[in-house]
Each structure stands twice: as C-alpha cells, then as structure tokens.
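Engineer: Structure below; questions to follow.
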Amino acid sequence: MTIDGNVIRVLARLLNHSEVFTSQATARTWVQPYLQRYFDQTHPGVFNEALMECGATVCTKTHPVCSQCPLRVDCQAFQLHTQSTCPQFLKAKELQKQKHRLWHLNANALLLAPSTIATRTSVTLLELPELSPDQRTQLPELQPIFTGKRRIGNTTYTETLYSLPPSVALPTKLIHQWKAQWLPIKALNQYPLSGPHKRWIQAILTSLS
C-alpha cells in the first residue's frame, strides 16, 4: 500500500483529523490502521490508486472540488466545512546557511564541479566549486564578485561568489578535491547545471561582456 500525501489528505478529511502532524512519517503512522480497516483486500491496487487519484484531482490541498467527490457523503470535514484546515502539519523551522563559491574562467572555459547540495533529482547537477573555510584560507587573494540566494525546502542559502586575480594560479590539488572540470562557456547549455547557478553564471557573463 502506497501512502503518499494524497492518501493522507483524503483520510484526514474523511475523519476530520484536527491534530497537527509533526511530520509525514507521523501522518503515515496515523493513517495505517484506518487503511487496514477499510482496505479492499479483493482489489488492493485499484483501491490504492483510487485514493491517490482522488487526492490528486478532487481532494486537492487547496480548493478541493467537493461537489465532484464520491466520498463527500461520508466526509466529516466536508460536513463541518473544515477542508481548508485539514490536515495540518507542523511547519519546519526556517534555516539560513552561507556558502562560498569560486568563479574561475580560463580561456573561455568555466570551472564547474558536482553539486554539494542534496536535491530530489537523480541527475548530478553541476555548480561553481564550493570553497571550504580551509580552502578560502589557502586563497587570501579571493575577491567577492556576486551574491545570490536560493531556497531548497525550508533552507535559504546565501551564496557568495569569489574570483581570483589573473596573476594568481589556482592550485591543481583544489581542482582535484572538487572533482571539477573545465567546461566551454559556449556549450554550458549542454550540461546539467543547477537552475540558480545557471542564472547567476549568465548574469556574470552578461556583466563581463
């Protein structure tokens, strides 16, 4: 039985569950005994798919189409007009994080490395190399050139991009540590760059042209 957000929402509204879930995991734990009670053992796959489809197309998170819902006669939230507040989840604490990146051009090629930020995609995205505190100490000539912000989940990242003066050589060992590679500027669209870094790179290139 697949218990996704749609299934949780349908069951929570059917039973007008008013308590705040602390996480998706606690919501799934709450849902399980009710599903076992009402689960159609004859056609489990059809039952599961129907619940998910109902939550995705009718019993939606916002603006549910209750007039088209086949469960509205038995839905306590519909009868009590509490659909908009059911279910409720504890809001995750907002986090702020700082990251420092290196902008390094060499003969019309830009140094890029695998992203260090976990995302839901299975594709390894490329970004400007992240500078650790120790690496920044090794490069005292770093000069800030750009600051960007992005949000992933409940975390807002403020990322400062630095460049090195042309007279300063970048140590090869750092390139190896980042597993970085030089990619031609004209072909960047052919590579899987993260959305924020793609925009920031374009903004910097435009300012340099």
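The values are calculated or read from the model by the stated rules, or taken from the named source; none is laboratory data. Keep in mind it's a predicted model, so treat the numbers as computed, not measured. Every residue, glycine as well, gets a Cβ built from its backbone with ideal geometry; the counts of neighbours run over all protein chains shown.
Engineer: Test Ser163 against the criterion of being modelled with pLDDT of 95 or more and over 22 Å from the mean Cα position of the chain (by Cα), and give yes or no.
Structural biologist: Yes: the conditions hold for Ser163.
Engineer: Now for a different question. Suppose we keep only residues that are outside any loop (DSSP other than H, G, I, E, B) and either in contact (Cβ under 8 Å) with a residue 60 or more places away in the chain or hydroxyl-bearing (Ser, Thr, Tyr) (or both) within segment 25-43. Which one would you say is farthest from Thr85 (Cα to Cα)?
Structural biologist: Applying the filter and picking the extreme gives Tyr38.
Engineer: Return the pair list, or none, for Cβ contacts closer than 8 Å from residues in segment 48-74 that are within 16 Å of Leu15 (Cα to Cα) to residues that are of a type in the set (Phe, Trp, Tyr), at least 6 apart or on different chains.
Structural biologist: Within 8 Å, the pairs are Cys66/Phe78; Cys69/Phe78; Arg72/Phe78.
Engineer: Going by the structure shown, is Ser163 hydroxyl-bearing (Ser, Thr, Tyr) and loosely packed, with under 11 Cβ neighbours inside 10 Å?
Structural biologist: no
Engineer: For segment 182-209, name all the residues that are surrounded by 12 or more Cβ atoms within 10 Å (Cβ to Cβ) and over 25 Å from the mean Cα position of the chain (by Cα).
Structural biologist: Hits for segment 182-209 are Trp182, Leu183, Pro184, Ile185, Leu205.
Engineer: Out of everything in segment 1-24 that is of a type in the set (A, V, I, L, M, F, W, C) and modelled with pLDDT under 90, what residue ends up being surrounded by the fewest Cβ atoms within 10 Å (Cβ to Cβ)?
Structural biologist: Ranking the candidates gives Met1 first.
Engineer: So, of the residues in segment 88-115 that are over 27 Å from Ile204 (Cβ atoms) and under 19 Å from the mean Cα position of the chain (by Cα), which turns out to be modelled with the highest pLDDT?
Structural biologist: That would be Phe89.
Engineer: Of all residues in segment 182-209, how many are among the basic types (Lys, Arg) and over 20 Å from Tyr157 (Cα atoms)?
Structural biologist: 1
Engineer: Go through segment 44-70 and report how many residues are in a helix (DSSP H, G or I) and not aromatic (Phe, Trp, Tyr).
Structural biologist: Total meeting the criteria: 16.
Engineer: Now for a different question. For Pro140, all conditions in the list (1) surrounded by fewer than 10 Cβ atoms within 10 Å (Cβ to Cβ); (2) touching a residue at least 40 places away in the same chain (Cβ under 8 Å) hold save one; what is the number of the exception?
Structural biologist: Going through the list (1) surrounded by fewer than 10 Cβ atoms within 10 Å (Cβ to Cβ); (2) touching a residue at least 40 places away in the same chain (Cβ under 8 Å), Pro140 breaks only (2).
Engineer: I need the full set of residues from segment 178-206 which are part of a helix (DSSP H, G or I) and within 16 Å of His104 (Cβ to Cβ), in order please.
Structural biologist: Trp178, Ile185, Leu188, His197, Trp200, Ile201, Ile204, Leu205
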